[in-house]
Each structure stands twice: as structure tokens, then as C-alpha cells.
Amino acid sequence: MKVNVHAVNFNIDRKLVDFIDERMTKLEKYYDKVISSDAFLKVENISEKENKTVELKVLVPGDDFIVTKHSKSFEEAADLAIESLERLLVKRKEKLRAHS
């Protein structure tokens, strides 16, 4: 699965891209029909500590799942978002299995 990582208004470091790529590639074991995936990383200009936002978008046949999480680090926000996506993809797979 190809993961497109986009940094909004800042330069992203290679370790962070690899981290997100590695974690999102594991989503395929939950649902193997993923068409594409995008990760958008943003730094919000607010005074709160949790100013890092990760938005993950995963396209599957007939649907797209979008999960947005805020945290004090991109890694933590990405982990939270990926866990949410895992649950969504497992539900989707079970739903399809129930209909066939």
C-alpha cells in the first residue's frame, strides 16, 4: 500500500515519514482492499500543548475513512488515528462478511 504523507506549513523529517508509513502499511492485515491512503500533518498555531494534528484518509472500494486526532506529538496522534482506523476497517470487513 502506498502512503502519501503531506506536511502542511512545515518540513517533515524522514523518521516521521517512515514511522507513519510503517504503521499505516500494517492496516492491510485488517482490510486488504485499501486503494490509497494519505496522512496530513499540521501544526496548529494555538497556545495549547496538543497542537499537532494528524488526519488520515484511507480509500477503500465504495468508501473513504477519515480520522483526525490531536496530540502533543505527531507520533502519538498518528498512533491514536491508526488505532481508530484499525477498528473502522475491522468493522467494515465484518460487515461485508455478514452480507456475503
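The values are calculated or read from the model by the stated rules, or taken from the named source; none is laboratory data. Just so it is clear, the model here is predicted, and its values are computed rather than measured. Using ideal geometry, Cβ is built from the backbone for each residue, glycine included, and neighbour counts are taken over all protein chains shown. The accessibility values were calculated without ligands, DNA or RNA, using every heavy atom of the protein model including side chains. Shrake-Rupley method; radii C 1.70, N 1.55, O 1.52, S 1.80 Å.
Structure notes:
- Selection of segment 81-93 for residues being charged (D, E, K, R) and either under 17 Å from Ile66 (Cβ atoms) or at pLDDT 90 or above (or both) yields Glu83, Glu86, Arg87, Lys91, Arg92.
Quick grid of which residues meet (1) under 14 Å from Leu89 (Cα atoms); (2) not hydroxyl-bearing (Ser, Thr, Tyr):
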residue: Glu22; (1), (2): no, yes
residue: Glu28; (1), (2): yes, yes
residue: Lys33; (1), (2): yes, yes
residue: Ser37; (1), (2): yes, no
residue: Leu41; (1), (2): no, yes
residue: Thr53; (1), (2): no, no
residue: Leu56; (1), (2): yes, yes
residue: Asp64; (1), (2): yes, yes
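- Of all residues in segment 80-100, those that are without any contact (Cβ under 8 Å) to a residue 60 or more places away in the chain and surrounded by 13 or more Cβ atoms within 10 Å (Cβ to Cβ) have Cβ atoms under 7 Å from Cβ atoms of residues that are part of a helix (DSSP H, G or I) and charged (D, E, K, R), 6 or more apart or on another chain, in Ile82/Arg23.
- Check on Asp63, of a type outside the set (Gly, Ala, Ser) and modelled with pLDDT of 95 or more: no
Okay, residues lined up against (1) closer than 17 Å to Met1 by Cα; (2) in contact (Cβ under 8 Å) with a residue 60 or more places away in the chain; (3) open to solvent by less than 20 Å² (accessible area, probe 1.4 Å):
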site: Glu44; (1), (2), (3): no, no, no
site: Lys49; (1), (2), (3): no, no, no
site: Asp64; (1), (2), (3): yes, no, no
site: Ser71; (1), (2), (3): no, no, yes
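- Scan segment 1-22 for residues that are open to solvent by 50 Å² or more (accessible area, probe 1.4 Å) and part of a helix (DSSP H, G or I) and the total you get is 6.
- Candidate set from segment 23-42 (those that are surrounded by fewer than 17 Cβ atoms within 10 Å (Cβ to Cβ) and either under 13 Å from the mean Cα position of the chain (by Cα) or of a type in the set (D, E, K, R) (or both)); member that is modelled with the highest pLDDT: Phe40
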